[in-house]
Amino acid sequence: MSRKNIIAANWKMNMAPSEAAAFLDPFLKAFPEPTPVEIVVAPSFVSLPKAAELLAGQSAVGLSAQNMSHEKSGAFTGETSAAMLVEVGCQYVILGHSERRSLYGEDDVVINRKVHATLAAGLVPILCIGESLEERDGGQLEFVLSQQLEGSLAGIDASQMPGIVIAYEPVWAIGTGRTATPEQAQETQAYVRSVIERLFGGAVAEAVRIQYGGSVKPGNAGELIAQPDIDGFLVGGASLDPASFGEIVKAGF
Ligand code: PGA
């Protein structure tokens, strides 16, 4: 299988510019050259310029935002456009994270607009999907995931799919310390790939990268990444420390 693992640090509302610098300094010393893994860090908006400055001139670590407006410009107080992210040095944007969905009311329609805006700007969306515990226990897992994928990828052509990364994050595993077992994660990741196959065909499904996220730690990263349909991680809590994130990255080599 030739999919390159992609391991991303989602710093959420942590890491002011000074803290981002304190992380990146040792981290870039630990990973000075491109590795077998695509490494990405996603600071808050205000820390993006500092991170971009530190990441300039190296190609081991890419830069992501955590959210973006689907609008190009105008009277949208508090919002940030794709062009702004490109100018500041981002290559990726996390879209549709479960915290955006549940706390800020983002639905698949708005996430879909963001996916289109991201691709139009030449950015790579890291598109998050995932079910709640209620939905899983209620037998809704497959329905919820296929709805999220169909909705957020509406109008996307198969030729655009190589430029999209999917992150499967069971909501009940985010920040809870409760990880999906490797078997649970694999079964669901394989289901996600089967939906991509139904929507875009076998070649796209085989090529698209599907991250797992939800309480990934140095201690469980190895057994998770060994699953055939896990192509990397979106890491929250354990990505705030350069040594711990570094260990997770190395699990993906
Ligand atoms: P966590 O967060 O690793 O802290 O569970 C993952 C995420 O929300 O992306």
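For the pairs K29/K250; K50/K72; K114/K250, note any where the Cα-Cα span goes beyond 22 Å. Among K29/K250; K50/K72; K114/K250, the Cα-Cα distance tops 22 Å for K50/K72; K114/K250.
Here's the picture: charge each Lys and Arg Cβ at +1 and each Asp and Glu Cβ at -1 in segment 74-196, and of G177, G96, P162 the one pushed furthest to the positive end of that dipole is P162. A simple spin-label model places the labels of A226 and T181 1.5 nm from each other, with each point 7 Å out along Cα-to-Cβ.
Carbon-plus-sulfur accessible fraction, the chain (probe radius 1.4 Å, protein heavy atoms only): 54%.
Each residue of segment 123-129 was assigned a 3J(HN,Hα) from its phi angle through the Karplus curve 6.51 cos²θ - 1.76 cosθ + 1.60 (θ = phi - 60°); the sequence is 9, 9, x, 9, 8, 8, 9 Hz, with glycine and proline shown as x. Converting the Cα gyration tensor eigenvalues of segment 140-253 into ellipsoid dimensions via √(5λ) gives semi-axes, longest first, of 25, 15, 12 Å. Of interest is the spacing of the C-alpha centroids, which for segment 140-164 and segment 4-69 amounts to 27 Å.
Residues whose amide H comes within less than 5 Å of that of L127, counting only those at least five positions distant or on another chain, are L95, V165, I166, A167 (H built at 1.01 Å from N in the peptide plane).
A helix-only calculation puts the chain at -12500 deg cm²/dmol for mean residue ellipticity at 222 nm, using -39500 (n - 2.57) for each DSSP H run of at least four residues, averaged over all residues.
Taking every C-alpha pair closer than 8 Å and separated by at least 6 residues, the mean separation divided by the residue count of the chain gives a relative contact order of 21 percent. Short-range pairs are left out: with C-alpha atoms under 8 Å and at least six residues apart, the relative contact order of segment 129-185 is 48 percent. In this calculation the C-beta distance from V109 to K4 is compared with R0 = 45 Å, giving a FRET efficiency of 0.90. The tail of the calculated P(r) for the chain, taken as Cα-Cα distances beyond 31 Å, holds 17 percent of the pairs. The H on the amide N of N67, modeled in the peptide plane, is under 5 Å from the matching H of I94, each at least 5 residues off or on a different chain. Mind giving me the FRET efficiency for T77 and A158? R0 is 30 Å, r the Cβ-Cβ distance, nearest 0.05 is fine. Between T77 and A158 the formula returns 0.25. Hydrophobic long helices, here whole DSSP H runs in the chain with Kyte-Doolittle means of at least -1.0 and Cα atoms spread over 15 Å or more along the helix axis, are found at 17-30, 108-120, 141-152, 182-200. Residues whose amide H comes within less than 5 Å of that of G232, counting only those at least five positions distant or on another chain, are I6, Y212 (H built at 1.01 Å from N in the peptide plane). Taking all protein chains into account, the per residue accessible area for the chain stands at 43 Å² (1.4 Å probe).
The packing ranking, built from the mean of other Cβ atoms within 10 Å per residue, places the peptides 6-14, 146-154, 25-33 in the order 6-14, 146-154, 25-33, highest first.
The values are calculated or read from the model by the stated rules, or taken from the named source; none is laboratory data. The shown structure was predicted, so the numbers you read here are calculated from the model rather than taken from an experiment. Heads up, the Cβs are rebuilt from the backbone with ideal geometry, glycines too, and the neighbour counts pull from every protein chain shown. When the accessible area is computed, the model is the full protein with side chains, heavy atoms only, and any ligands, DNA or RNA have been set aside. Shrake-Rupley method; radii C 1.70, N 1.55, O 1.52, S 1.80 Å.
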